[in-house]
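Nothing in this text is a laboratory measurement; each read-out follows from the coordinates by a stated rule. These figures come from a predicted structure and were not determined experimentally. Note that each Cβ is placed from the backbone with ideal geometry, even for glycine, and that neighbours are counted across all protein chains shown.
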Amino acid sequence: MLDNNEDNRFDLIEVEGVILDKLPNSRFLVELKNGFPVYAHLGGKMRRHRIHMCAGDRVIVEMSPYDLSRGRIIFRLSQGKAKKHEEDPDTNDPW
């Protein structure tokens, strides 16, 4: 019998990252804030609204806890939001 636990779809990890490379079929190589590279694709609404990405864009990647090598890009941070999203503005770290 299947377990009706709907909390599994909410067990996603959201991490900030920077796009390193653009790959075919709306896929990207993204370096996460911790330095770990992952392959990510555009989320459905970003494809539908034709939001374009290029190398150097700061994004939020949604990842499953079961496969941490792949993810889905769900948001592109603008320069203003990227600065607000930082935790410690006094450091010289680009993150």
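What distance in nm lies between label points placed 7 Å from Cα along the C-beta direction at Leu20 and His52?
Once both label points are built, they end up 2.4 nm from each other.
Apply the Kirkwood formula to the range 19-65: the hydrodynamic radius equals the inverse of the mean of 1/r over all pairs of different alpha-carbon atoms; give it in Å with one decimal. Show your work: numbers first, answer last.
Values: mean 1/r = 0.0900 Å⁻¹.
Its Kirkwood hydrodynamic radius stands at 11.1 Å.
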